[in-house]
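**Student:** Here you go, one structure.
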Ligand SMILES: Nc1ncnc2c1ncn2[C@@H]1O[C@H](COP(=O)(O)OP(=O)(O)OP(=O)(O)O)[C@@H](O)[C@H]1O
Ligand SMILES: Nc1ncnc2c1ncn2[C@@H]1O[C@H](COP(=O)(O)OP(=O)(O)OP(=O)(O)O)[C@@H](O)[C@H]1O
Ligand SMILES: [Mg+2]
Ligand SMILES: [Mg+2]
């Protein structure tokens, strides 16, 4: 699903965000991306969404080589990806519902289904009562959950999330992780950048570790405390 | 230093962010503010900075009743407070140095001292090499550290920080906590909103717990793992 | 991956559904006009001023030309006779003209008729005439000539022959000062076109800048839209529509204001201070195709403004 | 709290230090003008167009008035004699005028002098005169009258007496059609003031809106500045300065363009197509106090625009 071949990303002479990064994520896999602040996690996710182009190397996502992707194909490519941005990127002048509705319009969801779908996905992040609020009227954690809801709407092939629990308390973080895990079980590939070591440990999936723009050892999958069956996830809190 | 007397904050009919909140923080104290997402932590900090006015109740900060504070006095009042915002609030069109320099101009620091001070405070958050970058060129964690540096410049009487480690990895979080503790030792009162339970536990200071806009039990100060003397803080990582 | 429920539309190429998208266009464009209504008014105002300038000049020069036409008939050739030409001489000239096919359409203007016509159409010069003891106008024939005939080589020799006919004093292709009035009318048209043109460019430029500024305001939003996979057309539609609406309002406003000015001037003209310039400068309003053209010009300026700023913005952003 | 190092300045009331703050003002204002240079140009252009319109009308009406003055001298009273007045009659009138103190400043204009003067100053009407067989102008006395005298009651009876002096044909306080020319000049001034005024308001409005839009762009930034304790003056200084610069550029541009038009028109006037209107419409440029006033008007419009939008924005934000 995601292939990085010797990718280097230079912003300018002084900041080299990624240095010869090679990694791979399979279809249907659930991968964590960790590393200290400034290691290059967000840069990798931005490269996958083709928000940035690599300085060197090749990136293949969902069978498409991003270097040869034409400008006109970009929208269609991006519609297959659900991304949770580190800074949320909600449209401030639209209500929560309008934010979701706009994405659904773009994705081609018939207008009559918008209300139903928006409610369902906001219900999952426990924000269904804030449908008509504007983003600046929400708390940091609430905005983050809206961003997650937007990424998950309409089941994308690939979900990439940048620090999706940075503004959430531990209980909510667990709930949110549960949502990602369920999306993964429904078939979405998930790539999740985070530095919540506790969460990584508990979820027990493959970890790609970055350090100053280089891929460190891919720590072997630790023995998961939680097995892969959905039933036991409930201990994380119910949706 | 900070007194909330029966403060209620209503935004509209549906969202009551704070409900009859009363709490107190002494001069020179270090207080944590916790609670789940949407509990009202940011609202309390915004009220202290008089970004918002309470719907009911009285707030006294640094001997000033915020309800009677005149508009013309607001700038002087705010200059005594160093705030780290949850969404950083850096000026995007100014470099990191210019961001700090602007605040110093406002605070009345002579222009010739700007460079020196900016370097010193960025050094503390390990970002001195990014002096001339613009905020959008920084990673999430780097922006957060700039916001912290800006709040700490020129030793304010009161430091209030909203989720200051939300985008930082555990090691950096510890470093940053150390900075706040040192500022506290130099005499600043510190009020810190966070949901990092581990950090609260390790720092071992008073905690004000919020739940749906109400102050829950003020958990008694837990036995600190780390005593109050500066020397042992070094185990958190060095500056 | 097996058994995964895929709810993404089977044909993602279907893109945004027409209804949803066009509804969004109109809704967005109107909302932006409303949110930034005072700024939109600047764009609308600029277009209106440009078109109003253009329209005013067209109106005045049109009426001036028409007044000259009315006075001079449609003759392009004036055959002035001696002031004391005898009826026999006049008959001779008439015969000469009748014989020549290219001069056969003519009309006789007696001295009195000329005097009356002049007084009727150039009231403001009447005091000068009043100073005179006698009618200064000679009798004349006003001949309609096609411009094709007038341009042909034999025509010059024909005129030379006409000039020496008994009783003919002078032959002029337009009186000199009438020609001057015509020239003024033409200069007015050109000044109007130039001034209106410059202002129209300025208007398009203003719209472009107003829209560029709103694009700046919406820049973050536009980036977000791009990142969630919206097509450029989806993003730009509302902006183009916004320009269209602004241009249309500007054009309608200009025509409305011009009509107001026209009515006002006519009201003044019938007032006690009477006539001077207004009388023939504001006799008729612009024909409606010209009015429509003004509105169309506004719409074009609006669309052009949007288009320019959109083209620019797409060059700026890396996508 | 004891022993805490307090590095906050001892006098926080000192606020931003003058040097730092004013340096910041100028730097910021110039930077914004540069960053949004194309948008600034719209504001500058609008001001320039408004002032150019005003200036053009002032220029033309000023010259028109001056031409009329030059031709008519400064006489306000014309005593027309019979066209065939005898020298004795002329001497009689002269004596009458000399005797009355309020009419004592006069000048005799012979028939020939009147004809020459007319031809010199109204060249475009020469063809009409050429049609005449004889000089239509009567001899006259042009008398300088103070407006105070002219307004007094006995003056009317004095004029009645003058009217019946032997050889006097008519007494006019200004010729009717000269009065009309003056009226045209005045109408032009008024039209210019109104049009220029409307455009100037439009210009201030444009600037206000351009600055409002930039305020929107800077809104987040302005909020941040407020939150870190910046005074309103610190925040607004650059905006006012921006308006000032824009207005000044607009004013200078307008005067420059007007001078260009003036030189161009004069070049045309000396060209082969000679004289028609231009000759006396563009004889002198605006006096320099008027030019300065135009620039000052631009600056005022710019400052006013900034001020309006700043006042608005402070009303909007809760602080
Ligand atoms: N546009 C840019 N221009 C210059 N340097 C940049 C730019 N964007 C990112 N960088 C630099 O690249 C490095 C990696 O940034 P990135 O955002 O990928 O870090 P990250 O791993 O997401 O960190 P965090 O956990 O703090 O979000 C950082 O040092 C950052 O300063
Ligand atoms: N401007 C506003 N208008 C309406 N409701 C608001 C507004 N600002 C905050 N709220 C609501 O008030 C409640 C408290 O918000 P607050 O930002 O204080 O939460 P928080 O404790 O900081 O949460 P988080 O940890 O997610 O940042 C939330 O439910 C939020 O939706
Ligand atoms: Mg990041
Ligand atoms: Mg918060």
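**Student:** Report the FRET efficiency, 1/(1 + (r/R0)^6), for residue A:12 and residue A:94, where r is their Cβ-Cβ distance and R0 is 25 Å, rounded to 0.05.
**Tutor:** Efficiency computed from Cβ-Cβ geometry: 0.15.
**Student:** Let me ask something else. I need the inter-copy label distances for residue D:260: point set 7 Å along Cα to C-beta, values in nm with one decimal, smallest first.
**Tutor:** Copy-to-copy label distances at residue D:260, shortest first: 3.2 nm.
**Student:** Okay, next question. Between residue C:83 and residue B:24, what is the label-point separation in nm under the 7 Å Cα-to-beta-carbon projection?
**Tutor:** 11.5 nm
**Student:** If you don't mind, there's one more thing I want to ask. What order do you get for C:170, B:87 when you list them from fewest to most C-beta neighbours inside 10 Å?
**Tutor:** Numbers: C:170 13, B:87 17.
In increasing order of surrounding Cβ atoms, one gets C:170, B:87.
**Student:** Sort C:110, B:188 so that the residue with the fewest other Cβ atoms within 10 Å of its own Cβ comes first and the one with the most comes last.
**Tutor:** On the way: C:110 14, B:188 25.
Least to most surrounded, the residues fall as C:110, B:188.
**Student:** If you stretched the chain out fully between residue D:172 and residue D:113, how much longer would it get, using 0.36 nm times the residue separation minus the C-alpha to C-alpha distance?
**Tutor:** Working: separation 59, 0.36 × 59 = 21.24 nm, distance 1.87 nm.
So the extension gain works out to 19.4 nm.
**Student:** Tell me which C residue has its C-beta closest to the axis rotating C onto D, and the distance in Å?
**Tutor:** Of all Cβ atoms in chain C, the one nearest the axis gives C:213, 2.
**Student:** For B:14, C:115, D:36, which order do you get if you count the other beta carbons within 10 Å of each Cβ and list the fewest first? Present the calculation step by step, with values, prior to reporting the outcome.
**Tutor:** Values: B:14 10, C:115 17, D:36 22.
Listed from fewest to most nearby Cβ atoms, that is B:14, C:115, D:36.
**Student:** Between residue B:72 and residue B:186, what is 0.36 nm times their sequence separation minus the Cα-Cα distance? Round to one decimal in nm.
**Tutor:** Values: separation 114, 0.36 × 114 = 41.04 nm, distance 2.95 nm.
So the extension gain works out to 38.1 nm.
**Student:** Using the alpha carbon gyration tensor of chain A, what are the three equivalent-ellipsoid semi-axes (square root of 5 times each eigenvalue), largest first, in whole Å? It would help to have the intermediate numbers written out before the result.
**Tutor:** On the way: eigenvalues 151, 101, 55 Å².
Computed over chain A, the values are 27, 22, 17 Å.
**Student:** Taking chain B as a Gaussian network, where each spring joins two C-alpha atoms under 10 Å apart, which residue of B:206, B:214, B:13 fluctuates the most?
**Tutor:** Of B:206, B:214, B:13, the most mobile in the Gaussian network model is B:13.
**Student:** Give the separation of the Cα centroids, the stretch A:35-105 to the stretch C:215-235, in Å.
**Tutor:** After rounding, the separation between the Cα centres reads 13 Å.
**Student:** Based on the Cβ-Cβ distance of residue B:119 and residue C:31, what FRET efficiency does E = 1/(1 + (r/R0)^6) give at R0 = 56 Å, to the nearest 0.05? Kindly include the intermediate steps, with their values, before the conclusion.
**Tutor:** On the way: r = 47 Å, r/R0 = 0.84.
Efficiency at R0 = 56 Å is approximately 0.75.
None of the figures in this text is laboratory data; all of them are computed from the coordinates on show. Just so it is clear, the model here is predicted, and its values are computed rather than measured. Cβ coordinates were reconstructed from backbone atoms using ideal geometry, including for glycine residues, and neighbour counts include every protein chain displayed.
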